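Bear in mind these aren't lab numbers, they're just calculated from the coordinates by the rules spelled out. A quick note: this is a predicted structure, and the numbers were derived from the prediction, not measured. Reconstructed Cβ throughout: ideal geometry from the backbone, glycine too, with neighbour counts over all protein chains shown.
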């Protein structure tokens, strides 16, 4: 009786839809709650690098610190500047946030898993697009809007300057980022992220085949997510706080959330493109390897932040256009020659 | 170059002046080891030009420009110029008397561009007008303030500021000073009033496409309450104007109402990162007036404490500069080392920063037991820590890109703008007061003065690192050579007696009581004493009228003159470079605004 | 069935935002509406089984061209621009033009074979990247090269025009 029910095509379709909906909800919730422990980890790592303890008092070893921060941010007064454009001001954080989440629609976390009761195989990704990596790059490019609009809508000189500079920086480095990805695509012969990971199975990780591409991707990735050494638009020292200077309370929280989610998505991309995704020795399931690699890369990003000074804006743009772009074109050329 | 030679140099300069301007020089004095002449105001320009331009005289550096208000004398004011020769450290003091009815003088900005802000301060504080000054307006007090605070008939008390909550309850009082244009005569706070009202006069064109950006006074990177009005042409700076006075607390005025030992505590707070240097300069000035001889042990320990303070100050300077450019971790590493020095100061005096340990006549007390061992740790621990900072910064390509070639100023220009300390030495000018006119037995020790070549931010940073190493060298030598002996001069009328005697000797008790309560009279006279603080030439000009309180308590802060170089260094640079430039000047607003 | 529902949603949003583009006063709001419109068009491309074109639409139009529009608008003085009349000659001319356009559109649509379409018919092409790539580099190689050359000329022209005068 149950099997008959299952094999009805309408029910099958509904189960498919249900599975996709569950995946979307799970991914969204996980990604939404990731920044909370990430802020704690960042502050702890920063503390230990800087010969101090980091958060310590709120909960054992400061574990509850992110919770305290969240409560504080929720209760802060929501200030909208006097002559700010209210529509744009309110929408900008959301426009910034959505692309950061939308990227995760194509990210594969592992191969298939079987759900015991229904005996159904579920793939650990929401959708395997043919044009997976192009989709990721395109959606990542949309995050520029939140920043520009945030800076503009605040009606403040500082915020506008910060917003424009940040967006120009992101657009410039998108090019180098995309070109670095092209190298990977040429090696794997497919745009689909699942194919890219599958092609690296058995320790054929792309970092061995695309070392230059990896370096370019790493540097351009840091610039895309506005982290040191490329975080001048957010530089507290110079311009206050850049494009989100005038935001307070939850709107500011959304911008911060976006920054951390972007950091996670860049690390995830790096793992998928260059470090073999879920590839690893069999004693741990693939998804655990995936998470270990992502965690390591996030750690390296945080480490870099507290070690290096930051570049000046014109130096930043010089690196993006005059150094990374020609290098990435060279990478494509070399890859093309070798592949053919 | 010893003191006698320097005095002879100044005296020969005066001979030359008398040759050229026979009737100009009224009075020559060599009191207290300084050479000073009094000149009539119509001959001032000629005399100063002679002093600067004649090649064998060449007093090419303006150390200080200030004024004194002799209320009961005629003429009432005296404008005092201290000119220094960088060749051999000779100083000459030129004084110009002025009456209240005609407080006008020609400006010497054409000869010494660094007199710009000094003359503005004299105008602000005394009401003396300087003709031909490019921009004579108030510098420390707010625009529109009426009255001249350092005049002797200006009361030292504050007046109530009318906020909304106390406006109605404030009584109507006739006040000798009111803010122009404000109703009721009270100082009222209006946010709109905080704009730069005379844009054109300052040369800010406000042309299309140029943004006028206001950096400060509240800003995380301006090292204190410094306001920079910047005109931007895109990303590049076309004009930058520093505005100071936000930290003005009237230290100089307060000093005139405190006894000499009490005024010592004020000096810690002027340049609050180099407390002991302030103490030292003040004590040197007062000891010169008193004619006190300081025992050798006290002098050596003074050197030791000052070099420790220099270490602490440079650690903070480097750490803060690194933090502003993004390398936050260096700040925390530097502060970790600074804590060691703060602990030493705390063990010494109970206070981490404002120790006031160097007092008139020597030190406050003998070093506590065990302190010397703790100080011996410093030259053992620090060298590898300094190497650690260098590892993080000096070879770092990002650091090099942010500091090399940025903020260039030539030696000549720096000198003419009154710069001193690492700012001046970065451009290759070898002027360190510890070598040029040694004080407190600095000539007993062996050390080098690091010099820069390129005059950019990187060189000044390297100079600070090297100066830290040289300070460690001096500390090692002091510890090795430290003689035994008293730490206070042998003059009970001035120096507090040792505590053990208080229980036994009636005389000591009387002395202690008199010194601590009413101070001690200092013979009349005036003197200018300088030390090499971490920021440059720090000088105290004390005028005494024979009473227990200083008649004029003038602090020549190095950062006041150093800040004048900002427009020259920040021309055509990016706005992010301004942060690096200010970090390399390392100003402390305490001695800028006092 | 579901595809039709999605089609109507996207189409309605696209038309609505397109109307918003021309009717909103604030130019920045117009650009945002245009962005919405383009995103809906990308969704429509997906419905037409051309994911590649959809992604490229987002990449190029929304990600680059519109950002450029935003930059330019932010440099202009917004208040003046929103006060000026867009087409001189008054409303009569515009309404007349509008009527002519609507009549044209109705005539064309009613006469074509498109009147009876409901769902995009699946063609023998599957619109995958491989197909597009092969077509571009074999059958349509000449137009491809010509277009890239035109883009190069535009790039060079922009750089030349944007250069500051050498003093």
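With all pairs of different C-alpha atoms in the average, the Kirkwood value for the hydrodynamic radius of region C:1-77 is 13.0 Å.
Legend: mean number of C-beta atoms from other chains within 10 angstrom of residue C-beta atoms, peptide C:61-67, equals 5.
Give the percent of DSSP beta bridges with both residues in region B:2-131 that are antiparallel, rounded to the nearest 5.
Numbers: 20 of 27 bridges.
Counting only bridges with both partners in region B:2-131, antiparallel ones make up about 75 percent.
Each label was represented as a point 7 Å from its Cα along the Cα-to-Cβ direction; for residue B:444 and residue A:61 these points are 5.4 nm apart.
Using only alpha carbons, chain A has a radius of gyration to Kirkwood radius ratio (Rg to Rh) of 0.99.
For region A:1-78, the ratio of Cα radius of gyration to the globular rule of thumb 2.2 N^0.38 Å stands at 1.88.
Hull surface divided by four, with the convex hull built on the Cα atoms of chain B: how many nm²?
Result: a mean projected hull area of 28.5 nm².
Take every Cα pair under 8 Å whose residues are at least 6 apart in sequence, average their separation, divide by the length of chain B, and the relative contact order is 16 percent. The label point for residue C:156 and the one for residue A:123, both projected 7 Å from the Cα toward the Cβ, are 4.5 nm apart. Given R0 = 25 Å, the distance between the Cβ atoms of residue C:106 and residue C:2 translates into a calculated FRET efficiency of 0.25. What is the P(r) of region B:215-326, as percent of Cα-Cα pairs per 5 Å bin from 0? With a bin width of 5 Å, the distribution comes to 2, 10, 13, 16, 16, 14, 11, 8, 6, 3, 1, 0, 0. Here, region B:2-131 yields an orientationally averaged convex hull projection of 7.6 nm² when only Cα atoms define the hull. The modelled label-to-label distance for the pair residue B:500/residue A:83, using points 7 Å beyond Cα in the direction of Cβ, is 7.5 nm.
Mind checking A:311-322 for the average number of partner chain beta-carbons within 10 Å of each residue's beta-carbon? Mind showing how you got there, number by number?
On the way: counts 7, 13, 4, 4, 5, 0, 0, 1, 1, 0, 0, 0.
So the per-residue partner count for this stretch is 3.
Region B:493-566 gives an Rg/Rh value of 1.19, both radii derived from C-alpha positions and Rh following Kirkwood.
Counting, for every residue in C:53-59, the Cβ atoms of other protein chains within 10 Å of its Cβ and taking the mean gives 6. In this structure, residue B:19 and residue B:129 have a Cβ-Cβ separation that, at R0 = 35 Å, corresponds to a calculated FRET efficiency of about 0.65. Using the average count of surrounding beta-carbon atoms within 10 Å as a protection proxy, the listed peptides A:41-53, B:119-131 rank, highest first, as B:119-131, A:41-53.
Normalising by residue count, the protein assembly as shown has a Cα convex hull of 256 Å³ per residue.
Packing, taken as the mean count of other beta carbons within 10 Å per residue, orders the peptides A:264-276, B:90-102 from highest to lowest as A:264-276, B:90-102.
Ranked by the mean number of other Cβ atoms within 10 Å of their residues, highest first, the peptides A:313-322, B:268-277 come out as B:268-277, A:313-322. Per-residue ellipticity at 222 nm computed for the protein assembly as shown from its helices equals -16500 deg cm²/dmol, with DSSP H segments shorter than 4 residues left out and the rest contributing -39,500 (n - 2.57).
Counting every other Cβ atom within 10 Å of each residue's Cβ, A:292, B:463, B:318 order from fewest to most as A:292, B:463, B:318. For residue A:29 and residue A:338, what is the calculated FRET efficiency with R₀ set at 35 Å and r taken between the beta-carbons, to the nearest 0.05? So the FRET efficiency works out to roughly 0.25.
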